[in-house]
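The next block holds one structure in the form of structure tokens; read it before the comments.
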Amino acid sequence: MNQAGGEPVILRAMDLLDDISGSLPVLTVSELNRMARRALESQLPLLWVEGEVSNFMRAASGHWYFSLKDASAQVRCVMFRGRNQFADFTPVNGDHVEIRALPSLYEARGEFQLGAEAIRRAGAGRLYEAFLKLKSKLEAEGLFDPLKKRALPRFPRRIGIVTSPQAAALHDVLTALARRMPGLPVVLYPTPVQGTGAGAQIAAAIRTAGARAECDVLLVCRGGGSLEDLWAFNDEAVARAIAASPMPVVSGVGHETDFTLADFAADLRAPTPTAAAELASPVRQELLLQLDQLTRRLQHQLVRRQQAEMQRLDYLTRRLIHPAEQLQRRQTDLHQLAQRLRHASGTRLTTEQLRLARLNQRLVTPIHVIRREQQRLDTLGMRARRAVQGGFGQRQLNLDRFSSSLAHLNPEGVLARGYSIVQMESGAVVQDAAALNAGDRIGIRFHRGQARVTVDSTSTE
């Protein structure tokens, strides 16, 4: 290398290294691993990783330590107790799983590892997507409508169970029913609860229970398991069979955190099979307690009613009269009535006799009546004649007076004195010459006879 001035300068590699090392910090292993961990966690996001479980170990602290591998690589994993307690299952070596994890570095040994936050069996994600799709479809059809949910009978006469005869859930349900209501009849409709074709067989068992109509409520249940184990209860046929059941259906599938389409279609969802049995059956002890309370209330009411009736009976007893005494009272009343009747009869007879005597006194013979009436008639005749004669004389005088007045006013009398009456052809009397015209035909009436003349002329003077 040339230097200003022209002479070459030879630099040694060691001198360059010394210069570089003098400008960089020196890190401890711990600092280096911490920086690497932070770099990994900041650069790589939370992600899902699929692989086969190997070297699985559960520590005394509750943490899970295992490796996840495929055909060409493996990575160490840890799932702390605060996370793995929510897992649906505990993995074993050879399980094919998917974990949601954050890539990191274990600083103490400088080992790359995955910190798992969730774990599921491989393929569960696809199953869950299928579950959500079918759920949305059935929900849109109204299959899960809360308004269609039916209430459970308070006192079922018989309970039906749809599950496998070998399932632990059946034992749990029967134990709960025996504890709560011993002697309650149970009908089992056996069916596989997992495996190929299990969904169709579960739906067929539900339809059979509905067709036989021998139960008041139906329990559809099985124990816990993975999503794949419970997948039969996500079958569309099972959901539709539950919704179409003529009797109320209680779903008790898996654990409290497990949800299937059967849970949504059922009238009531129970977190566990045991809870399903408890929801569907009354408690015998509680019923006996209620019965005892009702019995005591009934006895109390009966005692009160009995006392009231006894008091009423005592009152009626005091009012009750002995038949002999009552007969004596009736005889006394009858005797008094007989006396009153005799007295009244005697009084009435005396009164009628007196009345008859008065009538006899007023009674006269017919000849006397005739004579008396003849005298009365003669008297009336005389009065009538006098009245007629007096009235006739007065009327004759009035007639004569009226006749004289009428004769004085009679036009004939005027005519007899030389006067005449002039009349028009119409018969109207002419009182004024001005009413006549030359040539008019008029009639002249005299005392004796009349004449028809023609007017030559008229004058008003």
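Brief remarks on what is shown
- Residues in the range 182-234 that are touching a helix residue (DSSP H, G or I) at 6+ places or on another chain (Cβ under 8 Å) and within 25 Å of ILE119 (Cβ to Cβ): 13 in all.
- Criterion applied to ASP88, ASP145, ASP70, ASP95 was being acidic (Asp, Glu) and in the same structural domain as THR257 (by TED's automatic domain parsing), and the one residue passing it is ASP145.
- For the range 167-202, filtering for residues that are of a type in the set (A, V, I, L, M) and over 18 Å from ALA276 (Cβ atoms) leaves 2.
- Residue match in the range 287-301 (condition: aliphatic (A, V, I, L, M), in a helix (DSSP H, G or I) and either more than 30 Å from ARG179 (Cβ to Cβ) or touching a strand residue (DSSP E or B) at 6+ places or on another chain (Cβ under 7 Å) (or both)): no
- Sole residue being more than 27 Å from LYS135 (Cβ to Cβ) and surrounded by 20 or more Cβ atoms within 10 Å (Cβ to Cβ), chosen from ILE159, ILE206: ILE159
Every residue, every condition in (1) part of a helix (DSSP H, G or I); (2) small (Gly, Ala, Ser), yes or no:
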residue: LEU354; (1), (2): yes, no
residue: ASN360; (1), (2): yes, no
residue: GLN375; (1), (2): yes, no
residue: GLY381; (1), (2): yes, yes
residue: ARG386; (1), (2): yes, no
residue: ILE444; (1), (2): no, no
residue: ALA451; (1), (2): no, yes
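- The set of residues in the range 120-156 that are small (Gly, Ala, Ser) and either in a loop (DSSP other than H, G, I, E, B) or closer than 30 Å to PRO91 by Cα (or both) comprises ALA122, GLY123, ALA124, GLY125, ALA130, GLY142, ALA151.
- Looking only at the range 427-439, and only at residues there that are modelled with pLDDT of 80 or more and of a type outside the set (A, V, I, L, M, F, W, C), the one that is farthest from SER403 (Cα to Cα): GLY439
- Of all the residues in the range 67-83, those that are basic (Lys, Arg) and either more than 17 Å from ASP95 (Cα to Cα) or out of contact with any strand residue (DSSP E or B) (no Cβ under 7 Å at 6 or more places or on another chain) (or both) number 2.
- For the range 35-61, a residue qualifies if it is among the polar types (S, T, N, Q) and in contact (Cβ under 8 Å) with a residue 24 or more places away in the chain, and the qualifying residues are SER54, ASN55.
- There is at least one residue in the range 203-215 that is touching a residue at least 12 places away in the same chain (Cβ under 8 Å), outside any helix (DSSP H, G or I) and acidic (Asp, Glu).
- Looking across the range 35-66, the residues that are modelled with pLDDT under 90 and out of contact with any strand residue (DSSP E or B) (no Cβ under 6 Å at 6 or more places or on another chain) come down to MET35, ARG38, ALA39, SER42, GLN43, PRO45.
The values are calculated or read from the model by the stated rules, or taken from the named source; none is laboratory data. Everything quoted here is computed from the prediction, not taken from an experiment. Backbone-built Cβ (ideal geometry, glycine too); neighbour counts: all protein chains shown.
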